[in-house]
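Novice: Handing you this structure, nothing more for now.
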Amino acid sequence: MKPGTIRVNGRHSPMAWLLYLTKLTIEIDGTPQTGSWGERTISVAPGRHEVKVYFKYITKERCCEAWAKVDVVDGQSVAMEYRSPMMMTSAGRLTVHG
């Protein structure tokens, strides 16, 4: 079996300028990977995966969390987009692009 990839494009409004100082966390099947906003690619084994995306903001560890389940087949790349909300008390939006 060939590994697949999950590509997540993490975006926020330029008006939310404080988010430029934060790191985005992409958690796949309970394993977090913290890094920059923008396009990130993560290798995964074929199968169903639970993807969670969030960031630390002031005192909140998992701010604006969003999640989705995706199926990845041999060698497939699944594209997703995370959008942070304007209000830091709301959930983010994670969509799968077909």
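The values are calculated or read from the model by the stated rules, or taken from the named source; none is laboratory data. Just so we're clear, the structure is a prediction, and the values are computed from it rather than from any experiment. Here Cβ is always computed from backbone atoms with ideal geometry, including for glycine, and neighbour counts include all displayed protein chains. SASA here: full protein model, heavy atoms, side chains in, ligands and nucleic acids out. Shrake-Rupley method; radii C 1.70, N 1.55, O 1.52, S 1.80 Å.
Novice: Given a cut-off of under 8 Å on Cα pairs at least six residues apart, what relative contact order in percent is computed for the chain?
Specialist: Values: 230 pairs, mean separation 32.0, N = 98.
The value is 33 percent.
Novice: Counting other Cβ atoms within 10 Å of each Cβ, which trypsin sites (Lys or Arg not before Pro) in the stretch 1-94 have at most 13 and sit in a DSSP loop?
Specialist: On the way: sites: R7, R11, K23, R40, R48, K52, K56, K60, R62, K69, R83, R93; in loops: K23.
Filter output for the stretch 1-94: K23.
Novice: Lysine pairs, Cα distance under 23 Å, 8 or more residues apart or cross-chain: how many in the chain?
Specialist: Numbers: K2/K69; K23/K52; K23/K56; K23/K60; K23/K69; K52/K60; K52/K69; K56/K69.
Taking the Cα cut-off of 23 Å, the pair count is 8.
Novice: What distance in nm separates the two pseudo spin-label positions at M1 and R62, each 7 Å out from Cα along the beta-carbon direction?
Specialist: 2.6
Novice: For the chain, with all protein chains present and a 1.4 Å probe, just round the carbon and sulfur fraction of the accessible area to a whole percent.
Specialist: Numbers: 3140 of 5810 Å².
The nonpolar share, carbon plus sulfur, comes to 54 percent.
Novice: Per residue, how many Å² of accessible area does the chain show with a 1.4 Å probe?
Specialist: Numbers: 5810 Å² over 98 residues.
Ligands and nucleic acids excluded, the result is 59 Å² per residue.
Novice: Considering only DSSP beta bridges with both partners in the chain, what is the antiparallel share in %, to the nearest 5? Each step should come with its number before you reach the end.
Specialist: Numbers: 31 of 38 bridges.
About 80 percent, rounded to the nearest 5.
Novice: What is the stretch 3-98 by shape, rounded, prolate or oblate, if you read a ≥ b ≥ c off the alpha carbon gyration tensor as root eigenvalues and call it rounded for a/c under 1.5, prolate for a/b larger than b/c, and oblate otherwise?
Specialist: Values: a/c = 2.12, a/b = 1.96, b/c = 1.08.
Prolate, because a/c is 1.5 or more and a/b exceeds b/c.
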